[in-house]
1. Which one of Leu69, Ser40, Val14 has its Cα pushed farthest toward the positive end of the charge dipole of the chain, where Lys and Arg give +1 and Asp and Glu give -1 at the Cβ?
2. In debye to the nearest 20, how big a dipole does the chain give about its Cα centre with +1 on each Lys and Arg Cβ and -1 on each Asp and Glu Cβ?
3. Compute the length gained on full extension between Ile11 and Lys26: take 0.36 nm times their separation in residues and subtract their Cα-Cα distance, giving the result in nm to one decimal.
4. Among (i) 4.6; (ii) 6.3; (iii) 4.3, which one is mean projected area of the Cα convex hull in nm² computed from these coordinates?
5. Show me, for the stretch 31-48, the HN-Hα J-couplings you get by feeding each phi into the Karplus relation (A = 6.51, B = -1.76, C = 1.60, θ = phi - 60°), rounded to Hz, glycine and proline as x.
6. Pairs of lysines 8 or more apart, or on different chains, with alpha carbons under 20 Å: count those in the chain, would you?
7. Estimate the FRET efficiency between Leu50 and Glu74 by the formula 1/(1 + (r/R0)^6), using the beta-carbon distance for r and 22 Å for R0, to the nearest 0.05.
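Taken together, the values in this text are just the output of simple stated rules run on the coordinates, not laboratory data. Computed from a prediction, not measured in an experiment: that's the story for all the values here. A quick note on method: Cβ atoms are made from the backbone with ideal geometry, for glycine too, and the neighbour counts reach across all protein chains shown.
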Amino acid sequence: MRVFLAARGSIKEVERQLGISYPTVKSRLEAILNKLGLGSLQAEAKARRLEIVEQLERGEITAQEAVALLKGLEA
């Protein structure tokens with residue numbers, strides 16, 4: 001985590017400094033997020049985005065409503 005922070009969030013830089021692959025860096029960061037209890041938040045947000053897109057596809061909401069809902073997830 002220290003290397004990631006020192007690299008200002010650059011996974012490529014973490015790769016270079018630790019001599020490990022991109023997928024390894026990603027999986028280790030995901031493991032840290034899970035230990036911090038934040039991994040499930042990402043999964044929930046992804047599920048909610050998918051739900052919004054499906055509502056849009058079914059015509060239950062307008063494009064403008066979908067945009068507003070998606071932007072609301074980022075807040």
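1. Value: Val14.
2. Dipole size: approximately 540 debye.
3. The span from Ile11 to Lys26 would gain 4.6 nm if fully extended.
4. So the structure-derived entry is (ii).
5. Result, ordered by residue: 4, 5, 4, 5, 5, 7, x, 9, x, 5, 5, 5, 5, 5, 5, 5, 4, 5 Hz.
6. For the chain, the number of qualifying lysine pairs is 5.
7. 0.90
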